[in-house]
Structure formats: C-alpha cells, structure tokens
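The values are calculated or read from the model by the stated rules, or taken from the named source; none is laboratory data. Just so we're clear, the structure is a prediction, and the values are computed from it rather than from any experiment. Here the Cβ is made from the backbone with ideal geometry for all residues, glycine too, and neighbour counts use every protein chain on show. What goes into the accessible areas is simple: the full protein's heavy atoms, side chains included, and nothing from ligands, DNA or RNA. Shrake-Rupley method; radii C 1.70, N 1.55, O 1.52, S 1.80 Å.
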Amino acid sequence: MKRKLRWFDLVSLGIGGMLGVGVFVTTGPVARDISGPAVFISYVVAGFSALLSSLCYTEFSVNVPVAGGAFSYLRVTFGEFIGYFGGVNILLEYVLSNAAIARSFTEYMCTAIGVSDPNAWRIKVNGLTKGYNELDFPAVALVLILTLCLCHSTKESSMLNLVMTVFHVIFFGFVIIAGFCHGNGVKALVEPGGLTPYGVRGVVNGAAVVYFSYIGYDTVSTLAEEIQNPSFSLPVGIIGSVSIVSVLYCLMSLVLCVMVPYDEISKSASYAVAFRRIRWGWAGNVVGAGASLGIVASLLVAMLGQARYLCMIGRARLVPSWLAKVHPSTGTPLNATLFLGICTAAIALFTDLEIVMELISLGTLCVFYLVANALLYRKYTLTGQNAPFHTLSFLALLSSFSLAFSLWWKLNKPWWGLTLFIAITIAVTAFFQYHMWSTANKNLLPPCPSKWSVPFMPWPAAASVFLNVFLTTTLKTLSFQRFAIWTCLVTVFYVLYGVHRTYEAEEMDKVEVVETHVTSTRVQPLKLDKVQMAIP
C-alpha cells in the first residue's frame, strides 16, 4: 500500500474513530441503567485500561510496522491460529459496532431537524422479534456511501476525517461549556440516588460496557503499512489520541449527568434530548447535527481499519485470497472494503444497539488481553532469548490470579480475598522482573533492540492483562454465550478451510523457490558460454 499518512493524520484518525462511539452511543444507556452519575468514573477506569493496551499496541506497531494490527502481532508471536482468532474477533467487533453507530446516526439526524421521536425514520415490522423489528434504511445508506469513499482513496478519506474531527472537537467544547453553564450543577449528580446509585460494582460494570468506545485507536495500528516514519508517527498517533479522547469522554459524560438526573436520561439521542429538557431546543438541534457529524467521522475511521484487518487475513490465506487484493490505482483494499461494507449495512438494517453492545466489549477485551500477553512473551522470550517456560509460567499465573480476583469480586466475597489476590499478583510480577533482570546480567545479554518500547516493563503489560480479565468477568452471561457460539463457528471455519489453504500456499511457495533456484543455475552457465564465445 502507498505510504501517505503522517502523525497528525493518525492523531485525527484516532480521535475521530473514538469520539462519536463512546459519547453518543454508550453514555446515555450506561448512565441510566448501569453506573448512574458516576459514569464519568467508568470512563476513567476504561480509559486507563485502554491507555495500557495502547502502550502494548504502540511497541508492536513500531517494531512490526505492517498492516493488520492485532492479527499480525499475535501471528508473529503465538502462531497462526491465535493470530486468526484475534483477527476475526476484532473484525466482528468492528462490524457490529459500526452497525450500531450507523443506527445512532439516524437518531441524532432526527433530532437535528427537529423531529421529537428519534425512531421516526425507522420502519417497524410487527412480524419480527423485538430488537430486530425496526428497519433503518438511512443507516444502510450512510454505510454504503462511506464504503464508496473508502474505496476511492485512503489519503482523501483521511483528510475528510481531519476536517470533521476539527469541527467535532469544537462542537464538544460547545456542549461541555453550555452544559456546565446551564445545568443543575452538583445537585443533579447527588440526586435522587447519590453519585453511585448502583454502587461501586455499577461503576465497574459500566467501565466494561463503555470499553468498546476505545476500539477506534486500534485502527491507527492497522494503517502501519501506509504511514511515513512509523517509529515516530505511531507512538504519537496512538498514545496521543487515547489520552485526548479519555479526557473528552470524562467531561462529556459528566456534563450529561449535570444537565439531567440520571434516571431521566434518554437512551436514544441522549445529549440532544438533554438540551431540550433544560429548554434549549435550538441547542438540541445543534447537538443532533454535531453528533451526526461525529458519528460519521467515527464510522469512517472504523471502516477504514476493518478493511485492513480483512486484507491481512486474506494475505495469510486464512480467508479467500481475493479479499486481500489491493486496487492498483487507488492503493486501497477494494474487495475487503466492499465486502465488509455490505455486511455492516445488512446488520445496521435491523439490529438494535443493546443486543450487541456487551458482545462488542467482550471481543475487544479478549483481543487486548491477547496483545498484552503477546508483548510480554515477545519481549522476554523471542527478543530477550530467555527460556519460554519462565515467561509462559508467569503469564499463566498472572491470568489465574487475575481471574481469581475477578470471580471473588463478582461473587461478592469478603474484601480480604481481594487484597490477598492483588498482593500475590504484585509479588509474582516483581519476582518475574527480578528473574529476567538477573538472567540477562548472568548471560551478559545486550539490551533488546527496539525503536520504541513500553517503559517500566513488565508492569504496564501485566496491569493491562489484569484489568482486561477483570472487566471481562463483569459482563453478562448472555454475552459469553454468544461469544462461545462465534468462537465455535470461526474455529470450524479455520479447521475446514484456513488450515488447508495455508498449507497449500506454503507448498506452492516451496515449489516456486525450487523452480527459481533450478532455473537460475541452468541459465547462468549459458550466459557465461556466450560471453566466452564473444571473446576473440
């Protein structure tokens, strides 16, 4: 692919990919039913976990600067199946979240033109199950239009996103200032049920649900093959966008609860309805228009990233290879973009946000968990040349104690158990760090060559593993059931198709290498003979 993107393109793509998702799609439902006014604390927890995961992504993206994001990182570290599993899961999250975002666009567009009912543009079909019975044709049209834009050019799509993101941030400033000035202040936060009406568990459960709001930064790493000076641009783009968005998320979620009591927040078009409740009808229309623009920016970036994932999986022959073809003139993965655009449009037509929201977070947490483990294994075993047993044992213990802490929390056991599991996890991590340090000094190993590395390792990656496991266990059982069905389907596809196709590709590569070698050894003497005959 063509290298056209620079650091400011990545920052705008990261911000644009995350802003519209978290604020306009998840904040209202989570504040009303899960976290209450403390939803801003949920964003703090989720943002801290996302920042740790982004550090892991950054080191991988700098040292493995190819398209494919988590799929490529997991594949070069843990092998083909783990890479495939991570890749198809992040693809699922992209498609489902993009469909949900597109449906939110319809709700906010209704409010932008003054329609009181956010579902007015949807067609209700009585014969279908609830949650699937409202057809959303504007969402389908939006997805298809953006698909055609992405097929044309990556750079032009990036410039379009940059313009929309600038206006989006200005719009955020307007909402924050207007909301704090005309809201009810602290009174709205503590009434009627206090800051945490659902308790601390509600805050943590909310953090797990809003976590998928940060999936947008993953798109930046998938564009590594199209970036100028990736060793500088990628760290700035990934870490910078996550930090900025985390602050904006916290302020926006706080201002929503300042304007309206949490139990009166609308699940659909939450911000536009909130401004109408404080008798700022014109501001509600402005918010509807601004939110629509932000959702378009988020959707554009997410669809940009999902096509790169599928393109790389196609290059590995784990899905039909025609999905990996890059158009010669535009330099974009045309087939992958069209295929995923059609899939997203089909789901956006009838699937409600509440059905897929927790499933999206579950898949995202799973992939980020795998990436943190992969970074630890790569740094201390593949690059550091240590015995695999030590690193794998540490990863197993870390995951086990994280899971034990999470289950203890979920089952509401006494607090001393939580303290015990945290202390053991810290002790295991400290022992592993000391062991790796002493082994490196004993063997006089040189420092690991790296253009950019996560500071204070292994603590950030270990903390990322812990938080991802913890947030995962707070999700509902139904999400795990749906995730298990998806896992079975993709595993069967891998066994019946992916394994055989990659084996055939390896055999063909071997034959080509042998033929090239034989041809070169035969042709070379003939060239020498002709030269010798030409000498008088």
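A few comments on the model shown:
- Test: residue in region 25-33 that is open to solvent by less than 10 Å² (accessible area, probe 1.4 Å), small (Gly, Ala, Ser), within 30 Å of ASN229 (Cα to Cα) and modelled with pLDDT of 80 or more: no
- Pick from region 379-409, criterion among the hydroxyl-bearing types (Ser, Thr, Tyr) and closer than 21 Å to VAL469 by Cα, ranking: farthest from the chain's Cα centre (by Cα): SER393
- Qualifying residue in region 429-451 (condition: under 16 Å from ALA372 (Cα atoms), modelled with pLDDT of 85 or more, assigned to a helix (DSSP H, G or I) and touching a Ser or Thr at 6+ places or on another chain (Cβ under 9 Å)): yes
Yes/no per residue for (1) within 14 Å of the chain's Cα centre (by Cα); (2) part of a loop (DSSP other than H, G, I, E, B); (3) hydrophobic (A, V, I, L, M, F, W, C); (4) under 30 Å from ASP136 (Cβ atoms):
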residue	(1), (2), (3), (4)
THR58	yes, no, no, no
VAL62	no, no, yes, no
GLY83	no, no, no, no
LEU96	yes, no, yes, yes
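- Only one of LEU395, LEU359, LEU403 that is closer than 23 Å to PHE431 by Cβ, open to solvent by less than 30 Å² (accessible area, probe 1.4 Å) and part of a helix (DSSP H, G or I): LEU395
- The set of residues in region 98-116 that are in a helix (DSSP H, G or I), among the aliphatic types (A, V, I, L, M) and more than 20 Å from MET303 (Cα to Cα) comprises MET109, ALA112.
- Considering region 147-186, the residues that are modelled with pLDDT under 70 and small (Gly, Ala, Ser) include one that is farthest from VAL326 (Cα to Cα), namely GLY185.
- Residue check for ASN229: of a type outside the set (Val, Ile, Thr), within 29 Å of MET109 (Cβ to Cβ) and open to solvent by 20 Å² or more (accessible area, probe 1.4 Å): no
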